[in-house]
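Take a look at the structure below.
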Amino acid sequence: DGCHIITTQGLGCKDKGFHPIQSAIAAGNGSQCGFCTPGWVMNMYALLEKGKTPSAEEIEKHFDGNLCRCTGYRPILSSFGTFAKGGSRCGQHQSIRHPAGMLSHVSQPLHFVDEATGEEWYRPLTLQQYMSVASQTGGKTLRPMCASTADGVAKYVSKPGDTTNGTVYVDISALPELYGMKMDSDGTFFGAAVPMEKVIDFLQSNSAQVPAYKVLASHIKYIACTQIRSVASWAGNVMFTRLHPQFQSDMVTILAAAGATFDVLAQDSKVQSMNITDLLAAKGDILLMSMVIPKIPLGTVFQTFKTAQRHVFAHAFVNFGASIALDSKTGAVKSARLMIAGATQTLLEASGAASALLGR
């Protein structure tokens with residue numbers, strides 16, 4: 001269906017010759033039992049496919065989702081560090097050609113039914129097709145999905161007796177209306193299907209103009225791991241919290257602190273703009289279309305914090321976000337927004353504390 005999977009065997013093998021990444025990890029004694037080696041190799045390939053020459057630090061941080069029980073990691077990272085700036089293999093990466101048929105492939109709307117459970121799966125290609133599916137579920141639960149990475153989390157927050165039988169799954173990853181990133185005078189726009197890794201890259205690239213964006217990007221890196229963030233949309237994280245309010249979402253907390261606004265497509269086909277609190281409380285089947293993160297002005301103290309079991313790849317115990325605007329002449333607090341997740345079952349705006357800061 002227009003997709004192409006490359007495995008470590010597709011990069012290289014004994015008969016056809018090894019890829020430089022495979023040669024590097026072998027030469028550096030980065031493989032002992034070998035069970036985890038394909039994952040390390042393919043993640044390094046994905047990093048180099050971005051077209052940049054990474055630093056040694058960027059390479060190390062890229063592997064927050066890879067585990068090894070044998071080597072202690074150092075031989076692996078030392079091997080891949082040779083591809084960093086100034087390394088002995090810098091510039092030796094080789095891209096693997098994709099099948100020519102991918103260039104001419106034309107996608108088609110898809111629909112499958114599981115007769116045993118009553119579950120249905122759709123893949124619309126236009127927003128009009130999505131609305132047609134959403135309006136004809138026959139009483140079944142509608143579940144839009146992009147990468148469906150939340151399935152790994154749902155088992156921890158679902159209630160006993162919850163079932164997916166009769167669910168209508170709609171893959172929205174092919175809807176062009178849900179993509180796009182741009183910055184204008186109002187702020188920075190992100191389509192709902194944009195993966196978190198792309199959100200991070202875009203925020204970082206514009207952090208010189210809006211320093212608070214660097215804070216947001218750094219916090220999003222605490223969510224899951226590189227592999228998951230590369231496919232999981234930011235909107236999926238937000239809407240999962242709407243479905244399971246007890247889930248302590250990093251994304252919801254920091255976007256609330258930043259004052260982000262969201263465009264939502266309602267059942268009546270009208271687009272409504274709302275803040276995060278109204279979005280989480282919205283009733284009925286809605287489709288999150290996009291968000292705008294405002295340009296947090298210079299002179300505003302913007303910080304976010306997370307407490308968890310591990311530095312990355314761990315759910316938060318507590319998340320906190322603060323946006324405090326200061327008067328340029330007196331240094332007194334003009335306005336404040338304080339958001340906390342984890343202190344209560346749902347997202348909490350500390351409005352009393354914010355009010356107490358005014359004028360100080």
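Can you tell me which residues in the stretch 335-360 are touching a residue at least 60 places away in the same chain (Cβ under 8 Å) and open to solvent by 60 Å² or more (accessible area, probe 1.4 Å)? Steps first, please.
Just the residues of the stretch 335-360 that are touching a residue at least 60 places away in the same chain (Cβ under 8 Å), to begin with: 337-342, 345-347, 349.
Once the filter is applied, which keeps residues that are touching a residue at least 60 places away in the same chain (Cβ under 8 Å) and open to solvent by 60 Å² or more (accessible area, probe 1.4 Å), the stretch 335-360 yields R337, Q345, T346, E349.
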- Query: Among the numbered criteria (1) farther than 21 Å from S351 by Cα; (2) open to solvent by less than 20 Å² (accessible area, probe 1.4 Å); (3) among the hydroxyl-bearing types (S, T, Y), which single criterion is violated by T253?
  - Reply: (1)
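Residue-by-condition table, conditions (1) in contact with a helix residue (DSSP H, G or I) (Cβ under 7 Å, 6 or more places away or on another chain); (2) free of Cβ contacts under 8 Å to residues at least 12 places away in the same chain; (3) surrounded by 10 or more Cβ atoms within 10 Å (Cβ to Cβ); (4) not aliphatic (A, V, I, L, M):
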site: C90; (1), (2), (3), (4): yes, no, yes, yes
site: H98; (1), (2), (3), (4): no, no, yes, yes
site: S107; (1), (2), (3), (4): no, no, yes, yes
site: T117; (1), (2), (3), (4): no, no, yes, yes
site: L125; (1), (2), (3), (4): no, no, yes, no
- Query: What number of residues in the stretch 76-117 are within 27 Å of I25 (Cβ to Cβ) and touching a His at 6+ places or on another chain (Cβ under 7 Å)?
  - Reply: 4
- Query: Which number in (1) at pLDDT below 95; (2) within 27 Å of the chain's Cα centre (by Cα); (3) small (G, A, S) marks the one condition that G81 misses?
  - Reply: (1)
- Message: Need the failing condition index for T149 against (1) modelled with pLDDT of 90 or more; (2) in a loop (DSSP other than H, G, I, E, B); (3) over 25 Å from Q248 (Cα atoms), just the number.
- Response: (3)
- Considering each residue of the stretch 67-87, count those that are in contact with a Cys (Cβ under 8 Å, 6 or more places away or on another chain) and either open to solvent by less than 20 Å² (accessible area, probe 1.4 Å) or in a loop (DSSP other than H, G, I, E, B) (or both), and give that number. 7
- Task: For the stretch 110-135, enumerate the residues that are within 26 Å of V238 (Cβ to Cβ) and in a loop (DSSP other than H, G, I, E, B).
- Result: E119, P124, L125, T126, S135
- Item | Residue pairs meeting the criteria (Cβ under 7 Å; at least 6 apart or on separate chains; first at positive phi, in the stretch 310-334; second assigned to a loop (DSSP other than H, G, I, E, B)) | F313/D64; F313/G65; F313/A224; F313/C225
- Task: Determine which single condition F305 fails, assuming it passes every other condition in (1) surrounded by 17 or more Cβ atoms within 10 Å (Cβ to Cβ); (2) within 21 Å of the chain's Cα centre (by Cα).
- Result: (1)
- Query: Among (1) at pLDDT 95 or above; (2) open to solvent by 60 Å² or more (accessible area, probe 1.4 Å); (3) in a helix (DSSP H, G or I), which single condition is L103 missing?
  - Reply: (1)
- All positions within the stretch 154-203 that are more than 13 Å from the chain's Cα centre (by Cα), open to solvent by 70 Å² or more (accessible area, probe 1.4 Å) and at pLDDT 95 or above: P176, E177, Y179, M181, K182
- Considering residues that are more than 12 Å from I286 (Cα to Cα) and either open to solvent by 10 Å² or more (accessible area, probe 1.4 Å) or charged (D, E, K, R) (or both), the number found within the stretch 257-267 is 2
- Message: Cβ-Cβ distance below 7 Å, separation of 6 or more or different chains: which pairs start in the stretch 206-230 with a residue that is touching a residue at least 24 places away in the same chain (Cβ under 8 Å) and at negative phi and end on one that is outside any helix (DSSP H, G or I) and of a type in the set (D, E, K, R)?
- Response: V210/K295; H219/K306; Y222/K306; C225/D64; T226/D64
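The values are calculated or read from the model by the stated rules, or taken from the named source; none is laboratory data. Note that the structure is a prediction, hence the values are computed from the model and not measured. Cβ sites come from the backbone with ideal geometry, for glycine too, and all protein chains shown count toward neighbours. Ligands, DNA and RNA are excluded from the accessible area calculation, which covers all protein heavy atoms including side chains. Shrake-Rupley method; radii C 1.70, N 1.55, O 1.52, S 1.80 Å.
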